[in-house]
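Asks: Handing you a structure now.
The values are calculated or read from the model by the stated rules, or taken from the named source; none is laboratory data. Computed from a predicted model, the values in this text were never measured in an experiment. Cβ placement follows ideal geometry from the backbone for every residue including glycine, while neighbour counts extend to all protein chains displayed. All accessible areas refer to the heavy atoms of the entire protein, side chains included, with ligands and DNA or RNA removed. Shrake-Rupley method; radii C 1.70, N 1.55, O 1.52, S 1.80 Å.
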Amino acid sequence: MSHATHPRISPLPWEEMAPEEQKLAKLGADEVIRVLARNPSLLKASSGLGEHLLAQGKLHPRVRELAILRVALRCEAPYEWANHVPAALGAGATADEINALSDPAAVWSPEDDAVLRAADELSAAAFVSDETWTALAAAFDQATILEVLFLVGYYRMMAGFLNSTGVAVRADQPVLGERVVPAGVAGPVVADALPLSGEARIDGTWHITFTHPAGSKELVLSLETVAGGVTGSIVDTQLGVTVPIVSGSVDGHHLEFTAVVTDPARFDIGVVGTVGGNVFTGSVTISGGGTFPFSGVRAG
């Protein structure tokens, strides 16, 4: 398949975008959002389905991302590949698995194989064969099979849009056709000036670094403990969004809490961490996105 070698529709200038479009662009795939912002109603409609598939779907995030990457390969969609390799790594796929998507002799689990075969057949002929349908039915319920059909269809559509409009791939992103190298695992970043101690004072403000294969994000976390519970908020200064903590618990140095993001897209966040003195480390689980490490230091 072919794709445009230069942008045919230029991205909408940032200052001409509506505030909600700017927030959506800051979540990722900003060039796509800026091109689609030239048709705001289409952007809203397509983003709604994309958000559902990524954050509220039934498929495991790893399987979902492998299917999207298979569509990108079959449709020769460089932008789709570049943006979903980091997402696949974040969702638990290995570099070897991503590389195996290009290998006809690769061996997959029955569940993975059924989804990838469906992606192949839908991309080539817009039809799932009886044999592949039987394999899907053996692995998934009917609601999940419907999701597979819509997932592949959505990213097949996006591949056509991306290839035809020539949305540019950044120079530092994975290149379609090149092997994916295993990513280094980032450990907690701890400030030397704020050493770990036995103290477990959780209340206060924390500067948090959330580590993701697609890039790190800086957050401000405010915590207050009351009768074994946790309240507070997470502030994303880049997006200008404050997310309240909806529930949580504390047990000594250890705490867990959940938050629900609703703006500019909806997804749930679960945090598990340990406090020692002025250092806070742990992991963040994003619904539909995977689990990632974070580390932080006390700000007040």
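Asks: Compare Glu51, Glu256, Glu80 by solvent-accessible area with a 1.4 Å probe and give them largest first, with all protein chains kept in place.
Replies: Glu256, Glu51, Glu80
Asks: Moving to a separate point now. At a Förster distance of 41 Å, what's the computed FRET efficiency of Thr237 paired with Val272, Cβ-Cβ distance as r, to 0.05?
Replies: Working from the Cβ atoms, E equals 0.95.
Asks: Quick one: order His212, His207 from most to least accessible surface, probe 1.4 Å.
Replies: Highest to lowest solvent-accessible surface, that is His207, His212.
Asks: Rule-of-thumb check for the chain: C-alpha Rg over 2.2 N^0.38 Å?
Replies: 1.09
Asks: With 19 Å as the cut-off, how large is the P(r) tail for the stretch 18-112, expressed as percent of Cα-Cα pairs?
Replies: Counting every Cα pair in the stretch 18-112, those more than 19 Å apart make up 47 percent.
Asks: While we're looking at this one, here's another question. Quick one: how many Å² of Ile269 are accessible to a 1.4 Å probe, rounded to 10?
Replies: 30 Å²
Asks: Here's another thing I want to ask about it. Compare Glu31, Glu65, Glu76 by solvent-accessible area with a 1.4 Å probe and give them largest first, with all protein chains kept in place.
Replies: So the residues, ranked largest to smallest area, are Glu76, Glu31, Glu65.
Asks: If I ignore ligands, DNA and RNA and count only protein heavy atoms, how much of Lys26 is accessible to a 1.4 Å probe, in Å² to the nearest 10?
Replies: Using a 1.4 Å probe on the heavy atoms, I get roughly 70 Å².
Asks: So for the stretch 79-165, considering every pair of alpha-carbon atoms, how many percent are separated by more than 17 Å?
Replies: 54 percent
Asks: Can you tell me the 0 to 90 degree angle between the C-alpha axis of helix 40-55 and the longest principal axis of the chain, rounded to 10?
Replies: 70 degrees
Asks: Rg to Rh ratio, the stretch 137-180, alpha-carbon atoms and Kirkwood radius?
Replies: 1.16
Asks: Between Arg38 and Gln56, what length comes free when the chain is fully extended (0.36 nm per residue of separation minus the Cα-Cα distance, one decimal in nm)?
Replies: 3.8 nm
Asks: Another question, then. Over all distinct alpha-carbon pairs, what is the Kirkwood Rh of the stretch 210-300 in angstrom?
Replies: 13.5 Å
Asks: Ignoring ligands and nucleic acids, what accessible area does His253 show with a 1.4 Å probe (Å², nearest 10)?
Replies: Ignoring ligands and nucleic acids, His253 comes out at about 70 Å².
Asks: What number, in percent, do you get for the relative contact order of the chain if the mean sequence gap of Cα pairs under 8 Å and at least 6 apart is divided by its residue count?
Replies: Relative contact order comes out at 19 percent.
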